[in-house]
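The values are calculated or read from the model by the stated rules, or taken from the named source; none is laboratory data. Everything numeric here is computed off the predicted structure, so don't read it as measured data. Reconstructed Cβ throughout: ideal geometry from the backbone, glycine too, with neighbour counts over all protein chains shown.
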């Protein structure tokens, strides 16, 4: 699947601007890590773009990401990509046993948290979000309460990267597409 097809699929299933921005943010983080690890940037980016494409239509644990996986299978998408997408949430039971799966898990929740951090800044710019500020906000349970700090920390640990470095990599990736994210 190429990016144009993936983008069309995302927009077919998702109308919520926040969910589309989340997909773009995760795509950017995935691409940044693909470059860092010498992996296929387009493939990793598309996986990031599509990881939640079915969420708006099928937001329950019984359906997401399983319904999306069915759609992707019907389109002939690689089972490796589908398995990676299925692994991004613990409740599917699909192990994160590949580097791309570990990166997807590590980037996903962090993108949402970084977006929240940017939105409370006076300038609302992701590029000015500082790592110590993010770490401080992670300790405030009421801030972006729906975002799992445990998943953010576990994601960096499973990936084998320092949490501060991880935050910086994803923040910088998001800053590279700040216009698309309105951040």
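The set of residues from the range 25-41 being surrounded by fewer than 19 Cβ atoms within 10 Å (Cβ to Cβ) and within 21 Å of residue 65 (Cα to Cα) is empty.
Is one or more of the residues making up the range 162-175 modelled with pLDDT under 95, touching a helix residue (DSSP H, G or I) at 6+ places or on another chain (Cβ under 9 Å), surrounded by fewer than 15 Cβ atoms within 10 Å (Cβ to Cβ) and assigned to a loop (DSSP other than H, G, I, E, B)? No, the range 162-175 has no match at all. Taken together, the residues in the range 1-23 that are part of a helix (DSSP H, G or I) and either modelled with pLDDT under 95 or surrounded by fewer than 20 Cβ atoms within 10 Å (Cβ to Cβ) (or both) amount to 12. Listed conditions (1) more than 19 Å from the chain's Cα centre (by Cα); (2) part of a helix (DSSP H, G or I); (3) surrounded by 14 or more Cβ atoms within 10 Å (Cβ to Cβ) are all met by residue 121, apart from (2). Taking the numbered list (1) assigned to a helix (DSSP H, G or I); (2) over 17 Å from residue 35 (Cβ atoms); (3) in contact (Cβ under 8 Å) with a residue 40 or more places away in the chain in turn, residue 157 passes all entries but (3).
Looking only at the range 74-93, decide whether some residue is modelled with pLDDT of 95 or more and within 26 Å of residue 178 (Cβ to Cβ). The answer is yes, given that some residue of the range 74-93 is modelled with pLDDT of 95 or more and within 26 Å of residue 178 (Cβ to Cβ). All of (1) within 17 Å of residue 22 (Cβ to Cβ); (2) touching a helix residue (DSSP H, G or I) at 6+ places or on another chain (Cβ under 7 Å); (3) not in a helix (DSSP H, G or I) hold for residue 146 with one exception: (2).
For the range 161-183, the tally of residues that are free of Cβ contacts under 8 Å to residues at least 40 places away in the same chain and closer than 29 Å to residue 98 by Cα stands at 5.
The residues in the range 137-153 that are surrounded by 10 or more Cβ atoms within 10 Å (Cβ to Cβ) and more than 15 Å from the chain's Cα centre (by Cα) can be counted, and the count is 6. Only a single criterion out of (1) in contact with a helix residue (DSSP H, G or I) (Cβ under 6 Å, 6 or more places away or on another chain); (2) surrounded by 14 or more Cβ atoms within 10 Å (Cβ to Cβ) is not satisfied by residue 61, namely (2). Of the residues in the range 79-88, not one is surrounded by fewer than 24 Cβ atoms within 10 Å (Cβ to Cβ), within 12 Å of the chain's Cα centre (by Cα) and outside any loop (DSSP other than H, G, I, E, B).
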